[in-house]
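Below is one structure, written out as structure tokens; comments come after it.
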Amino acid sequence: MARLTINGTVRDVDVHPDTPLLWAIREQLGLTGTKYGCGVAQCGACTVHIDGVATRSCALTVGAVSAEQKIVTIEGLSADNSHPVQKAWLALDVPQCGYCQSGMIMAAVALLQQNRDPSDTDIDSEITNICRCGTYNRVRAAIKQAAKSRDTRQG
Ligand code: FES
Ligand code: FES
């Protein structure tokens, strides 16, 4: 049994400590917005925040996360897609197939918490998530639009 603090709630999960955090999030906790892509920390589809840091949850075991650490998944950003990054994503119609987009958004939110006015170079160096549909230009535009928001949830 492991104890996780996820989206503001303490949850117990009955898994081996070596289980990838991604499996616990999806299979035990039913939070399926976080996606499985490569499984080897390359694509970013499984990105969540741990204490505000964008983290690839396929490459971290449940046992490596303490109950005191705050995990946030895409479901924890807002109850109604009202987070400024989600609003920018919707306004600019960023997703194509959508599979990578939860991870993209989580990476973008983490970037904006560190850098309120990122350049293309900043975005390219910090957002290393892979999108097979090639939405990178719209991702950049949406991050810049969200950066203009005064919503304090950005950082
Ligand atoms: S599924 Fe975790 S980085 Fe690809
Ligand atoms: S929108 Fe299809 S993989 Fe990114």
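Please treat every number below as a calculation from the coordinates, not as lab data. Since this is a predicted model, take the numbers as computed values, not measurements. Counting neighbours? That spans all protein chains shown, and the Cβs are built from the backbone with ideal geometry, glycine included.
Given the structure, is residue 101 polar (S, T, N, Q), under 30 Å from residue 19 (Cβ atoms), surrounded by fewer than 19 Cβ atoms within 10 Å (Cβ to Cβ) and within 16 Å of ligand 2 (Cβ to nearest atom)?
Details: polar (S, T, N, Q): yes; under 30 Å from residue 19 (Cβ atoms): yes; surrounded by fewer than 19 Cβ atoms within 10 Å (Cβ to Cβ): no; within 16 Å of ligand 2 (Cβ to nearest atom): yes.
Judged against the criteria, residue 101 is not a match.
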Do you know which residues across the stretch 60-76 are surrounded by fewer than 22 Cβ atoms within 10 Å (Cβ to Cβ) and not in a loop (DSSP other than H, G, I, E, B)? 61, 63, 64, 70, 72, 75, 76
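So is residue 35 basic (Lys, Arg) and part of a helix (DSSP H, G or I) or not? Give the derivation first.
Values: basic (Lys, Arg): yes; part of a helix (DSSP H, G or I): no.
Answer is no for this residue.
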Need the failing condition index for residue 79 against (1) under 12 Å from residue 103 (Cβ atoms); (2) assigned to a loop (DSSP other than H, G, I, E, B), just the number. (1)
In the stretch 49-59, residue farthest from ligand 1 (Cβ to nearest atom) [restricted to those that are outside any strand (DSSP E or B) and farther than 15 Å from residue 5 by Cα]: 59
